[in-house]
1. Would you confirm whether or not segment B:175-188 contains a residue that is on the phi > 0 side of the Ramachandran plot, more than 14 Å from chain A (Cβ to nearest Cβ), of a type outside the set (A, V, I, L, M) and crowded, with 16+ Cβ neighbours inside 10 Å?
2. Taking the condition of being among the acidic types (Asp, Glu) and crowded, with 23+ Cβ neighbours inside 10 Å, how many residues in segment A:364-387 meet it?
3. How many residues does segment A:369-428 contain that are within 14 Å of chain B (Cβ to nearest Cβ), more than 28 Å from A:Asn218 (Cβ to Cβ) and not β-branched (Val, Ile, Thr)?
4. Quick test for you: out of B:Ala93, B:Ala111, B:Ala167, B:Ala130, pick the one residue that is under 25 Å from A:Trp362 (Cβ atoms), among the aliphatic types (A, V, I, L, M) and touching a residue at least 60 places away in the same chain (Cβ under 8 Å).
5. Restricting to segment B:6-43, count the residues that are among the charged types (D, E, K, R) and open to solvent by less than 10 Å² (accessible area, probe 1.4 Å).
6. Looking at (1) away from every other protein chain (no Cβ under 13 Å); (2) closer than 30 Å to A:Asn432 by Cα, find the lone condition where B:Lys56 falls short.
7. Looking at segment B:147-167, which of its residues are within 11 Å of B:Met184 (Cβ to Cβ) and touching a Pro at 6+ places or on another chain (Cβ under 9 Å)?
8. Quick one: how many residues across segment A:202-234 are farther than 19 Å from A:Leu176 by Cβ, open to solvent by 20 Å² or more (accessible area, probe 1.4 Å) and in contact (Cβ under 8 Å) with a residue 24 or more places away in the chain?
Amino acid sequence: MEKYRTAITIGLVGAAITLLFGGWSMILVGTVVGAITGLNYGQHSAKRGALDKAREVLLPALIGNIIMGLGGTLYTFVVVPLTGKSLNYDQPLKLGTGRVPLDSIAVFIIGLAAGIAIGVAVAALIAYLQGLPENVRRVAFIASLIVFLFGLPFFDQVTGLDWIAAIITIQIFILLALGLNIVVGYAGLLDLGYAAFFAIGAYTTGLLSSPQIDIYWNFWLVIWVAAAMAAFAGLVLGAPTLPLRGDYLAIVTLGFGEIIPVVFRNLISVKLVEPFTRICFVGCDPKVDVVRWCIYACQGALDLTAGEKGINPIGRPMIPFTDELLFSSRSYLPWYFLVFGLIVLSIFFIRRLRNSRIGRAWMAIREDELAASQMGIDPVKTKLLAFSMGATFSGFAGAFYGSYISAIFPSVFDFSVSVIILCMVILGGLGNMVGVIIGGILIMGTDRLFLPQIATLLKDFMRHSVLGNVSNPVLKDFLEISVDPNQMRLAIFGLVLVIMMVVRPEGLVPSEERRAELHEGEEEHGDAATEAAA
Amino acid sequence: MTNTILSANKVTKRFGGLTAVNSVNIEVKENSIHSVIGPNGAGKTTFFNCLTGFYKPEEGELLFNGHSLVGLRSDQIIVLGIARTYQNIRLFANLTALDNVLIGQHIHLKAGWLGSALRFPGIVREEKTALLEANRLLKFVGLGNKGNHIAKNLSYGDQRRLEIARALASKPKLLLLDEPTAGMNPHETEEATIFFRNLRDELNITIVLIEHDMRVVMGISEIISVLDYGQKIAEGTPKEIQNNAQVIEAYLGRGSAGNIGKDPAVVAKEA
């Protein structure tokens, strides 16, 4: 039983997801469950041969996926009737322009069978890859990941699962988290106002490609300007504050994060007049007829950001020789692949930076600032670089976000965004990019996919099965309005963060160094215990 | 003999009312092994901290090869060629031994952020050379097979060696060792002593040593300066220092002058 514990845990997590989405989601979740099981058992397997590893993983993967399938079964036969949906409602399969109508029982059977079969196959494949020599394994592993990520949006489209909008948001936040990881994870600077740079990137894009002040620059140019503006803001904020340490820096960044959205909210009547010279020529009354040189917006005050109404619409990217409307609000695929590309590029460059003189300097500063400076590392310059580098990625993400949503409001960039991005970095594992990505998927997935779905199901469930039986009007009101997981999302994140800090402070997938740092005492303790047992 | 590589002239460092280093003059000859000794709290480490730019002395001047050190930041001083180790080890504890030594080479590498991100051919070459050099240094201090270990997991003696390797990576002309044998057993101490002498002989590095272990001090120093309450009370060859009444008084208190002529370590034991 011990042997299958991991598989059962993974299966239970999968079941929790299929319980919410049922049907087609079982194929997707099955694949992921299979992949994780394969990875886990392949790595820990005592067997050396690739085929042996694959054979060994078959049973655990089957168990995990059957548990996963139980979630879908419950969805079909319990959740659906309880929420008032008929078991015969159609979940059409979209193939090209045609639709294949299927009732939900058929979808359930196909989803369950395919989910389990594909899950086990994927587990075997991944375990098999683990047994191959290092260089082959690497290539094969990346290749299978790419196949999965390329297939994902098409699967989503064909089955009408409709996750793609949420997935693109998740991607954008992963990009943000990767940038913040440079600042917090590598250089060890606690930045609580990271959303400010996100806002600067988005508003730069908004200003330079919208009817707001009638500038329509090309997206491919604007995205660089936005990143540069964010980097510049990072320098301006960092230069006076980075000599501060720890808590003080956190407070300053917190303030900055609060100020920036307010600034954008208030830039609705801008006119720049130089404040020093006051010109009055002969024959005029110096109290009334003074002329001051105007620098900007001389014809009349300009509304730069439209305050709370936000900038709307914002220009979209165009690719030469393709349909002008390739990137529209209803076609998600180009967006998906565009951010996907951005993320891959970011990982590529950040990895290189991390393993270079610059990355080592960042980590040296994080470890011991004094010793680092006596090794010839200029602390202020190095921290400044990390800070503005993180801001650059945030600027990229902001530019993309503005263009994707096509409307930006100051309230989108408030403090909770900074905190959520920080949560991703900490949950996944400070300083480890794989961890940060997983943290991003978990937190944003919960935020944009699972919580809304739970909310919908709960609402339907209340309306269909509960409210009719409640006579007390106060209780009824409470159940109808206040039981809303969407409103509790920040509380849930806070709870998760506290639990994580207690149970696993190094994050889900920690970097080697962090693990060493946080668990050294325990390992020694564990060693002593084993020795004592022996 | 040879040129003076480092000269401290009336260096004074105060902390409020306490004068930690009081008008100290020390001249270090090139290629020598120069020890700075004194009872606890005598101002030895503070003197080192003035040399490496961590503290700025209130008065006096510090000249290294003709450059004034006063007012320079730590990261500028190492470029001139002064590297140090610490009394309580200050490695980059959660990084590998290899990374620690690579960070030591920081000032000799040129890669900027753009170069690192795009990996120009020159940068790749530089990084390869740096890696070879780091491995060579690790081997030199006897950590050849421990490059991938996380620094904090190394044994105490190995951490001390790694600190020296990291300091050597900056190719210093002057190496400041702050109690390098503290916490070592006699056997390790002996090895370390031989190692320091090799450093000087093979790499032509001048060494300034703060040390409490008199066997080490008397064994390898050419010149010894003695500090007490921030002031230099004596200077000379080991022989001269052993016979200096003031030094013995500083270590053992008044009335011990009768022990003149004996090794202070022996005196200490007898007492």
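1. Checked segment B:175-188: at least one residue is on the phi > 0 side of the Ramachandran plot, more than 14 Å from chain A (Cβ to nearest Cβ), of a type outside the set (A, V, I, L, M) and crowded, with 16+ Cβ neighbours inside 10 Å.
2. Selection size over segment A:364-387: 1.
3. 16
4. B:Ala167
5. 0
6. (2)
7. Listed by number, the list holds a single entry, B:Arg160.
8. Residues flagged as farther than 19 Å from A:Leu176 by Cβ, open to solvent by 20 Å² or more (accessible area, probe 1.4 Å) and in contact (Cβ under 8 Å) with a residue 24 or more places away in the chain within segment A:202-234 amount to 8.
The values are calculated or read from the model by the stated rules, or taken from the named source; none is laboratory data. All of these numbers come straight from a predicted model, not from anything done at the bench. Positions of Cβ are backbone-derived with ideal geometry, glycine not excepted, and every protein chain shown enters the neighbour counts. We work out accessible area using only protein heavy atoms, side chains counted, and drop any ligands, DNA or RNA first. Shrake-Rupley method; radii C 1.70, N 1.55, O 1.52, S 1.80 Å.
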